[in-house]
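First up is the structure itself, then whatever we jot down about it.
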Amino acid sequence: MASRLYQWIDQRLKLKPLEQTLLNEPIPGGASWNYIFGSATLFLFGLQALTGMFLMVYYVPATDHAYDTVQYIQHEVWGGWFVRGLHHWGASAVMMAIGLHMLQVFFDGAYKRPRELMWFVGIILLAIMLGFGFTGYLLPWDQNAYWATQVGINMVGSVPLIGDFLVKILRGGETLGALTISRFFAIHVAFLPAAIMFGIMLHLFILRRVGPAGPHDEAKAKAGSETFYPRQVFMDAVVMLVVFGIVSLLAFSVEFPLADRADPSDHSFIPVPEWYFLFFYQLLKYAPGAWGPLATWLLPTLFFTGLLLLPFLDRNPERQPSSRRVVLGAGLGFLIIVFGLLSISLRDLYAVPKRDPSVVRGIALVEQFHCKTCHRIHGEGVNVAPDLSFVADRRPDRDWHLQHFKDPQSVSPGSFMPKFPLNDKQLNDLTNYILTLKSE
Amino acid sequence: MEDGLSTPVGTRRSFFVKTTVFISSLIGISLAVPLIGYIITPAFQRRKKEWMSLGKADALPVGEPKAMDYTMTEKDGWQETQTTKGVWAVKQSNGEVTVFSPICPHLGCGYRWDQQDRLFKCPCHGSIYDLEGTVKAGPAPRPLDTLPSKIENGELLVQYEEFKSGLAKKVEL
Ligand code: FES
């Protein structure tokens, strides 16, 4: 049935020669598990495109709806949490796949003549992918999104002369708000996809013109070629299944949380960037004073220029690793720095005890209403009213506290604590904080 | 084929081909199921029916229709909107209360109560109904639609529903 249909179409569209060129591309030295990184990246990109389209079905890029629509996707639409999870974990996976792909090309010297253009386009593709990561991060409009984007935009602002101008263009105005979210959305779902499709096509076009690099071992490459189909395609498919399995498993088992709704007035929030920006985030901690602005823009610029120029800087035509000690050593040094920074950063992040944001707000309320002018909490404040250091040991009952804050007399008659004008959210935050005050 | 270019043959080849096809279908199906569900489920979700209070039932005069409204929160995707709905409540002579949907069963206009003729009249195409909702004149295909209602602790409660217009039978939307 399928072959009859194929024949019918083939008679009209003459597909046979096309099939030959597409599938019988020679792989020098034969199919290999070394070559799967590019197709894994392409597959993950496809997965991002697909899940992204589906997320767009319910997402609204406006400050007053974005957060609600993401909540709706996460908690109400059937399968929404899974689609969002795939998109989130897929984003991480695609970055990893790109990193591995680049490492492989770097190690194999596959960027050398005649493949300089392919490397060049590849670096542009990397920049576009980082653009996807940056613009996508803002879209859920939660605290993390808002403050991390604020930081990212300010880094752009450190570029000399045109920094301020660039920042305004990025934000679409004076502040991060409605105009920012709508332009980030448009960039994320229309401009960048158009650019990346073109880039991917170009990347693949060049690949087909110059052919795959094959093994760096001359003898192996000379030994003969194998067609792309079916063995390399089979290997690619197996890897895609494994990658898909990992991403879906993560999407299935690790919920990607949504922080509180973005609140531009809450300056206590400390945003954390995506892991693939973490090493850079850590690096900035070591750039003191006047070096800070230089690190925020000069280093990335140098990094990208270095990558773009790599094939022209490294003019040694040799691809054997043994005869490229300097370049490979530099690459290794770079990796050690990146992973060193990444691990320090991760260690620091886990060392900071994560506080419930609601508890943090509760602490702020204690300051705001000057509770410590009467109460003592862990050595701070005055002992006019009861010491609250371990109050939750005595009163673990949530309702009691809620009632107490609303009207102290009603639960402890004779108390001289005044009524404070708290709204429900504040009551809740304050109570959450009070309930953490116990001995452990 | 070119010199030096090889390709697997025989069972080896068919193993690669078959596995590739199997893997792509596996990925395809595992994506298709959640994605299709994701897209269609909200389209088939029924609105939640809740009992809404119209106020004290005692206040209703017998045989005298009264337009009563209540505000309800309607959930439209991720958006919640407050809408006010008006319904007609009539206390029949036997003391039972009938609540009519405010929408004319002909093509969906809002009808009114004519105090003088003591009849419900629809301005659009002239359908006329009596106090029990029976069609007295005009193109209306069925009597006025009643809404589920009950009295609890003296309060008149109603469930809002909408029906397809133009049919001889009452079919819920
Ligand atoms: S809609 Fe009421 S008579 Fe036609």
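The values are calculated or read from the model by the stated rules, or taken from the named source; none is laboratory data. All of these numbers come straight from a predicted model, not from anything done at the bench. All Cβ positions, even for glycine, are placed from backbone atoms using ideal geometry, and neighbour counts span all protein chains on display. Only protein heavy atoms, including side chains, enter the accessible area calculation; ligands, DNA and RNA are left aside. Shrake-Rupley method; radii C 1.70, N 1.55, O 1.52, S 1.80 Å.
Shown here for the range B:92-173: trypsin sites (Lys or Arg not before Pro) in loop regions (DSSP other than H, G, I, E, B) with at most 11 other Cβ atoms within 10 Å, namely B:LYS169.
Expressed as a whole percent, the proportion of Cα-Cα pairs in the range A:1-159 lying more than 23 Å apart is 58%. Keeping the other protein chains in place, figure out the carbon and sulfur percent of the accessible area of the range A:235-356, with a 1.4 Å probe. Of the solvent-accessible surface of the range A:235-356, carbon and sulfur hold 74 percent. Put A:LEU258, A:LEU309, A:LEU22 in order of accessible area, highest first, and with a 1.4 Å probe you get A:LEU22, A:LEU309, A:LEU258.
Computed from point charges on the beta carbon alone (+1 for Lys and Arg, -1 for Asp and Glu), the dipole magnitude for the range A:1-148 about its Cα centre is near 660 Debye.
Distance between the modelled labels on A:GLU318 and B:LYS49, one decimal in nanometres: 8.3 nm (7 Å Cα→Cβ projection). Go through the range B:23-53 and flag every residue whose accessible area shrinks by 40 Å² or more with all protein chains in place compared to the isolated chain (probe 1.4 Å). Buried by the other chains: B:ILE23, B:ILE27, B:LEU31, B:PRO34, B:LEU35, B:TYR38, B:ILE39, B:PRO42. Mind jotting down the distance between the C-alpha centroids of the range A:134-212 and the range B:26-45, whole Å? With the range B:26-45 and the range A:134-212 each reduced to a Cα centre, they are spaced 30 Å. Entry comment: accessible area of the range B:1-150 is 58 Å² per residue, from protein heavy atoms only and a probe of 1.4 Å.
The largest accessible area among A:GLU19, A:GLU226 belongs to the first residue in A:GLU19, A:GLU226, and the rest follow in falling order (1.4 Å probe, all chains).
The count of lysine pairs in the range B:1-74 whose Cα atoms are under 30 Å apart, excluding pairs fewer than 8 places apart on the same chain, comes to 4.
Its Cα gyration tensor gives chain B an equivalent ellipsoid, and the semi-axes of that ellipsoid, as √(5λ) in whole Å with the largest first, are 61, 20, 12.
Within the P(r) computed for the protein assembly as shown, what percentage of the Cα pairs occupies the region above 31 Å?
Numbers: 128433 of 187578 pairs.
Looking at the protein assembly as shown, the distances longer than 31 Å represent 68 percent of pairs.
In degrees from 0 to 90, rounded to the nearest 10, what is the angle of the helix A:66-75 Cα long axis to the longest principal axis of chain A? Result, in degrees: 80.
Helix A:143-157 and the longest principal axis of the C-alpha atoms of chain A enclose an angle of approximately 60°.
Can you tell me the 0 to 90 degree angle between the C-alpha axis of helix B:10-40 and the longest principal axis of chain B, rounded to 10? The two axes meet at around 20 degrees. Per residue, chain A exposes an accessible area of 55 Å² to a 1.4 Å probe, with every protein chain left in place.
Helical content alone sets the calculated 222 nm signal of chain A at -20500 deg cm²/dmol, taking -39,500 (n - 2.57) per DSSP H segment of four or more residues and averaging over every residue.
Tell me which GluC sites (Glu not before Pro) from the range A:307-381 have a DSSP coil assignment and no more than 16 other beta carbons within 10 Å of their own. Spell out each step's value before the answer.
Values: sites: A:GLU318, A:GLU367, A:GLU380; in loops: A:GLU318.
Qualifying residues, ordered by number: A:GLU318.
For the protein assembly as shown, taking a cut-off of 4.7 Å between Cβ atoms, the unpaired cysteines are A:CYS371, A:CYS374.
Give me the percent of DSSP beta bridges within the protein assembly as shown that run antiparallel, rounded to the nearest 5. Show your work: numbers first, answer last.
On the way: 40 of 43 bridges.
Roughly 95 percent of the beta bridges in the protein assembly as shown run antiparallel, per DSSP.
The lysines within cross-link reach of A:LYS112, meaning a Cα-to-Cα straight distance under 28 Å and a gap of 8 or more places when in the same chain, are A:LYS220, A:LYS222.
Please list, by residue number, every one of the chymotrypsin sites (Phe, Trp or Tyr not before Pro) in the range A:348-432 that is coil in DSSP and has at most 14 other beta-carbon atoms within 10 Å. All intermediate terms of the calculation are to be shown ahead of the outcome.
On the way: sites: A:TYR350, A:PHE369, A:PHE390, A:TRP400, A:PHE405, A:PHE416; in loops: A:PHE369, A:PHE390, A:PHE416.
Taking the range A:348-432 and a limit of 14 other Cβ atoms within 10 Å, the loop chymotrypsin sites (Phe, Trp or Tyr not before Pro) found are A:PHE390, A:PHE416.
Roll a 1.4 angstrom probe over the protein heavy atoms and tell me the percent of accessible area of chain B that is carbon or sulfur. So the carbon and sulfur contribution to the accessible surface is 55 percent.
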